[in-house]
Each structure stands twice: as C-alpha cells, then as structure tokens.
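Working notes, beginning with the structure itself.
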Amino acid sequence: MKLAAWFLAFAATLASHCAYAQASAQAPIVIKFSHVVASDTPKGKAAERFKQLAEKATGGRVRIDVYPNNQLYKDKEELEALQLGAVQMLAPSLAKFGPLGVREFEVFDLPYIFPTKEVLYRVTEGPVGQRLLKKLETKGITGLAFWDNGFKVMSSNKPLRTPADFKGLKMRIQPSKVLDAQMRALGASPQALSFNEVYQALQSGVVDGTENPPSNFYTQRMHELQRHLTVSNHGYLGYAVIVNKKFWDGLPSGIRSALEGAMKEATKYANAIAQKENEEAMEAIRKSGKTTIYVLSDREREEWRRAMLSVHKEMEPRIGKDLLAEVYHEAAIYAAR
Ligand code: LMR
C-alpha cells in the first residue's frame with residue numbers, strides 16, 4: 001500500500017515534469033519589435049515582412065510581435081528598453097544614436113552628403129556600414145542591418161525657397177547635433193522633439209516646421225498642418241535594425257542564423273519599396289490639396305547646399321575625420337564614373 005502511494009506520487013511528479021518540459025519546448029521565443037512610425041511606411045512594412053519571414057524560417061519556434069506607432073515605447077525610451085531587455089528589436093532612425101554615445105551615426109545626417117541612393121548603399125552595405133554597426137556592441141547592442149527610408153523634404157506654413165526663408169523659424173529636429181547645426185546654418189531655431197510629439201507641436205505652434213521623408217510626413221498627417229512643403233532632398237533618413245546583444249548571443253545558433261537569413265531578405269524588401277512608398281506618399285499629399293509642393297530647381301538646390309556646407313567642417317570632430325573621408329571617397333567613386 002505504502003509502495004503504491006509512493007509510486008503514484010512519483011508518477012504524478014514525473015507527469016507534471018514532462019508536461020512542463022513539453023510546454024517549454026513548444027513555447028516560442030518571442031521577439032518584441034518596437035518602432036515609432038505607422039505600419040504603412042517603409043519601416044512599418046519591412047518590420048511586418050521580417051515577422052513573416054522569421055516565423056516561417058524558424059518553423060514557428062520564434063514569434064515576432066511588432067508594436068508600431070509608439071505603442072510600446074517612444075523615441076527616448078525605446079533604446080533604454082532595448083538595453084534593459086524589455087524589448088528585443090528596434091529600428092531607430094540613424095539620427096537617434098548620438099544620445100547613446102555613438103556619434104558616428106550622425107554622418108548620415110550631414111546635408112547633401114549622399115548625391116544618390118547608390119552612394120548611400122555603398123556605405124551602408126560596405127565595410128563602413130559594418131564597422132558602424134560593430135560600434136554598437138559596447139552599448140550591449142548588436143546591429144543587424146540598415147533599412148532605407150529616403151531623402152527628406154522641408155515643410156512650414158510659409159514657402160521655403162531660399163535659405164533666407166528659414167530665418168527665425170522654429171524647426172523640429174531629431175536629437176542629432178548635425179541636424180541642430182544644419183538648422184542653425186539656415187538661420188532657423190532647432191527644437192529636438194520625439195517623433196510622437198511632432199504633430200501636436202506643429203498644431204500648437206511649439207514649432208513652425210519640420211523635415212522628414214514624405215512617407216512619415218503623410219502617415220503622421222503633417223500635411224493637414226503644414227501649408228508648404230519643399231522637395232529639397234537635403235538630407236537622408238534611414239534606420240539601423242538592432243537587437244539586444246545578450247538576447248541575440250543567447251539564441252540557439254540554428255535559430256540565430258535563420259533569423260539572420262530572414263533579416264537579409266527583409267532588408268532587400270525594405271530597400272526595394274522605400275522609394276516607391278515615398279513617391280506614393282508625395283502623390284497623396286499632392287492629392288489632399290492641403291499642402292503646396294515646391295520642387296527646388298538645380299540652382300536653388302545649389303544655394304541650399306552652399307548654405308549648409310559649413311556643417312560638414314563644423315561636425316568633423318564629432319563624426320571623425322577618417323569616417324567622413326571614407327564617405328566622401330564613396331561619393332567621389334560614383335562621381336568619377
Ligand atoms: C523622426 O523622428 O522623425 C523619424 O526618425 C521617425 C522614424 O523612425 O522614421
């Protein structure tokens with residue numbers, strides 16, 4: 001009798017251990033991927049594509065939960081949340097790494113540094129891009145890829161045709177010292193604000209104008225508040241897809257390489273759709289009839305470029321002379337062809 005009771009207790013313990021082991025074997029690894037823009041933007045769509053590819057490639061052993069539109073964290077909080085492990089994956093704009101202490105990323109913010117997307121890709125897909133991503137490791141972050149968005153437009157409630165038109169305007173920027181210098185070079189007063197604050201800041205007059213690629217401008221309904229938009233393509237906005245390093249290194253290697261494969265595919269997709277997404281957004285802004293669009297002529301663009309050129313020299317000590325030279329070199333190779 002005693003033996004039977006012992007046997008039953010032993011069998012029950014064994015069964016519960018097996019059930020637990022089975023449940024944990026089946027429980028997927030969850031990756032929370034947080035970002036601040038709308039789902040129907042280049043970044044939003046690429047995040048969804050990564051989810052599909054990653055879940056398929058891992059046979060469902062990994063689940064990607066995408067949180068768009070600041071749902072989980074806003075600009076200022078998301079990098080901290082990643083470092084603490086509260087989320088596993090982010091894709092902040094390259095202009096948001098300065099406050100983390102990785103200033104070199106601000107090279108991407110320099111006005112008119114990339115004459116074409118081709119030059120940009122030579123940087124992001126080449127050794128310079130790889131080295132930049134590696135810099136994040138000391139911050140407990142692994143950089144996986146660069147995702148494209150596009151060249152920025154400028155907007156305000158008055159026409160912006162010459163650099164003199166910026167005088168005295170309060171312009172929203174991302175928290176980048178290069179963008180701060182850029183707006184000052186134009187005679188404007190830069191105001192660093194989180195992305196989620198921009199709409200209200202434009203509405204209440206905290207700022208007079210802003211800059212962003214058309215996809216962000218349209219999906220955040222900024223065209224409802226800004227009467228004039230200038231296609232200046234004066235600067236670039238793109239993303240670094242990043243993960244918590246400890247989490248990433250702790251993944252089973254088969255899972256990690258499947259996720260790397262999915263990221264490669266998602267990156268191709270992101271870079272393939274960005275331009276079209278921005279063109280469509282621009283068309284939608286035009287159709288809304290709320291914002292007058294002005295495209296700078298070559299002569300006017302040259303005037304803008306000259307007005308902002310001093311920013312390169314001013315920011316050289318912050319970004320690093322060698323890095324700057326490497327990026328110029330890629331542009332020169334392109335120009336010489
Ligand atoms: C911004 O803050 O304007 C952008 O970086 C938002 C984004 O992630 O595209």
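Assorted remarks:
- Members of segment 56-75 found to be of a type in the set (D, E) and under 14 Å from the mean Cα position of the chain (by Cα), listed by number: D75
- Odd one out for R184 among (1) within 16 Å of the ligand (Cβ to nearest atom); (2) of a type outside the set (A, V, I, L, M); (3) open to solvent by 50 Å² or more (accessible area, probe 1.4 Å); (4) free of Cβ contacts under 8 Å to residues at least 40 places away in the same chain: (1)
- Top-ranked residue in segment 292-337 [being free of Cβ contacts under 8 Å to residues at least 24 places away in the same chain and open to solvent by less than 80 Å² (accessible area, probe 1.4 Å); ranked as nearest to Q226 (Cα to Cα)]: S297
- Some residue of segment 71-94 being part of a loop (DSSP other than H, G, I, E, B), more than 24 Å from S257 (Cα to Cα) and among the hydrophobic types (A, V, I, L, M, F, W, C): yes
- Test: residue in segment 211-226 that is more than 20 Å from N278 (Cβ to Cβ) and either hydroxyl-bearing (S, T, Y) or more than 21 Å from the chain's Cα centre (by Cα) (or both): no
- Scanning segment 198-219 for residues that are in contact with a strand residue (DSSP E or B) (Cβ under 8 Å, 6 or more places away or on another chain) and within 11 Å of the ligand (Cβ to nearest atom) yields V198, T210, E211, N212, P213, S215, N216, F217.
- Contact annotation: residue pairs with Cβ atoms under 9 Å, 6 or more positions apart or on different chains, pairing a residue in segment 117-133 that is within 15 Å of S93 (Cβ to Cβ) with a partner that is of a type in the set (D, E) and open to solvent by less than 80 Å² (accessible area, probe 1.4 Å), are L120/D148; L120/E330; T124/D148; L132/E104.
- Entry remark, segment 245-262: residues being under 27 Å from T41 (Cα atoms) and either touching a strand residue (DSSP E or B) at 6+ places or on another chain (Cβ under 7 Å) or aromatic (F, W, Y) (or both) number 3 in total.
- Of the residues making up segment 116-132, those that are within 29 Å of G250 (Cα to Cα), away from the ligand (no atom under 16 Å from the Cβ) and surrounded by 20 or more Cβ atoms within 10 Å (Cβ to Cβ) number 1.
- A Cβ distance below 8 Å, combined with a sequence gap of six or more or placement on separate chains, defines the contacts here; from segment 195-213, residues that are aliphatic (A, V, I, L, M) reach residues that are in a helix (DSSP H, G or I) in the pairs V198/M222; L202/M222; V206/Q200; V207/V198; V207/A201.
Residues are listed down the side, and each one gets a yes or a no for (1) acidic (D, E); (2) modelled with pLDDT under 95:
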site	(1), (2)
N233	no, no
D249	yes, no
R256	no, no
A266	no, no
Q275	no, no
V295	no, no
W304	no, no
A332	no, yes
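- Checking the stated criteria, I273 turns out to be within 15 Å of the ligand (Cβ to nearest atom) and surrounded by fewer than 22 Cβ atoms within 10 Å (Cβ to Cβ).
- Lone unmet requirement of (1) open to solvent by 10 Å² or more (accessible area, probe 1.4 Å); (2) in a loop (DSSP other than H, G, I, E, B) for E197: (2)
- Residue pairs meeting the criteria (Cβ under 8 Å; at least 6 apart or on separate chains; first closer than 19 Å to N271 by Cβ and of a type in the set (S, T, N, Q), in segment 226-254; second within 16 Å of the ligand (Cβ to nearest atom) and not in a loop (DSSP other than H, G, I, E, B)): N233/F151; N233/V153
- Checked against the criterion of being without any contact (Cβ under 8 Å) to a residue 24 or more places away in the chain and either surrounded by fewer than 18 Cβ atoms within 10 Å (Cβ to Cβ) or away from the ligand (no atom under 15 Å from the Cβ) (or both), the candidates E77, E104, E137 yield just one match: E77.
- Among the candidates V119, V66, V107, the residue that is under 26 Å from Q182 (Cβ atoms) and touching a Gly at 6+ places or on another chain (Cβ under 9 Å) is uniquely V107.
The values are calculated or read from the model by the stated rules, or taken from the named source; none is laboratory data. Computed from a predicted model, the values in this text were never measured in an experiment. Neighbour counts run over all protein chains shown; Cβ positions are idealised from the backbone, glycine included. These area figures cover heavy atoms from the full protein model, side chains too; ligands, DNA and RNA do not enter into them. Shrake-Rupley method; radii C 1.70, N 1.55, O 1.52, S 1.80 Å.
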